[in-house]
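Here is the structure we will look at.
Read the figures in this text as sums done on the coordinates, not as results from a lab. Everything numeric here is computed off the predicted structure, so don't read it as measured data. Neighbour counts are summed over all protein chains in view; Cβ atoms, including those assigned to glycine, are modelled from backbone coordinates with ideal geometry.
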């Protein structure tokens with residue numbers, strides 16, 4: 001069964017450093033998303049991406065965040081200058097259409113020291 | 001987006017049927033009701049989606065009354081591996097953004 005993959009599984013970085021989280025969505029999916037989940041809290045929507053542009057973004061997704069689909073398979077989330085409060089599990093998801101079920105990846109645990 | 005209310009936690013035993021009810025009094029005409037499951041340290045996983053009446057798949061059933069102000073996820077004969085957090089989401093799915101609440105933490109005991 002096709003699945004969403006994410007790398008790395010765990011990323012440790014120093015405050016102020018840039019990080020790039022990588023995702024490979026399911027190949028025939030057209031919609032891509034990033035969510036995050038701070039330990040012990042609920043899953044929060046960050047951004048949706050379709051047709052090579054951002055469809056919607058939340059208040060969390062400020063100027064420090066950016067997304068890119070650099071090629072036909074990868075979907076990346078970049079945090080330009082990490083803060084302690086960026087420590088969380090980051091989930092990538094994809095769907096065939098905007099109304100279909102979303103398939104989530106296993107997540108990247110980001111720890112900012 | 002319609003706000004949802006569901007119990008924070010539930011306990012059950014193996015082999016029992018579990019029903020988790022979600023209230024969504026302000027559901028809009030175009031809104032669907034979707035349930036996701038999340039195991040610790042994993043991404044959420046789609047369980048079932050419905051608009052009205054009853055929907056059943058190989059994993060669960062979803063019961064939606066005529067007024068659509070609530071819905072019930074039914075898990076038949078749960079096992080230990082069904083221990084997870086279950087989220088009820090309501091939205092028109094346009095654009096795909098999912099808004100998660102706190103969910104219901106289901107604990108299945110032997």
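Here r is the Cβ-Cβ distance between residue A:73 and residue B:30 and R0 is 45 Å; the resulting FRET efficiency, rounded to 0.05, is 0.85.
Over 31 Å apart: what share of the alpha carbon pairs of the protein assembly as shown falls there, rounded to a whole percent? Within the protein assembly as shown, distances greater than 31 Å cover 23 percent of Cα pairs. For the peptide B:31-39, the mean number of other protein chain Cβ atoms found within 10 angstrom of a residue's Cβ is 1. For peptide A:102-111, the mean count of partner chain Cβ atoms within 10 Å of a residue's Cβ comes to 3. Label separation (residue B:17 vs residue B:51): 2.7 nm, computed from points 7 Å beyond Cα along the C-beta direction. For the peptides A:85-92, A:14-21, the ranking by mean Cβ contacts within 10 Å, running from highest to lowest, is A:85-92, A:14-21.
The value obtained for segment B:1-88, namely the Cα convex hull volume divided by the number of residues, is 97 Å³ per residue. Here is the P(r) of segment A:1-58: all C-alpha pair distances, binned every 5 Å from 0, give 4, 14, 19, 26, 23, 11, 4, 1 in whole percents.
For segment A:1-35, the residues whose backbone nitrogen is under 16 Å from a point 7 Å from the Cα of residue B:58, taken along Cα to Cβ, are A:1-3. Comparing mean-square fluctuations of B:34, B:83, B:56 from a GNM of chain B with C-alpha springs under 10 Å, the top value falls on B:56. Highest mobility in the GNM of chain B, judged by mean-square fluctuation with C-alpha springs under 10 Å and restricted to B:55, B:85, B:18, is found for B:55. Extension gain for the segment residue A:80 to residue A:7, taken as residue separation times 0.36 nm less the Cα-Cα distance, is 24.5 nm to one decimal. Only beta bridges with both residues in chain A are counted; by DSSP, about 90 percent of them are antiparallel. Taking every DSSP bridge with both residues inside the protein assembly as shown, close to 90 percent are antiparallel. For the residues of B:41-50, the average number of beta carbons from a partner chain within 10 Å of their own beta carbon is 5. Taking the empirical scaling 2.2 N^0.38 Å for compact globular proteins as reference, segment A:11-113 has a Cα radius of gyration ratio of 1.01.
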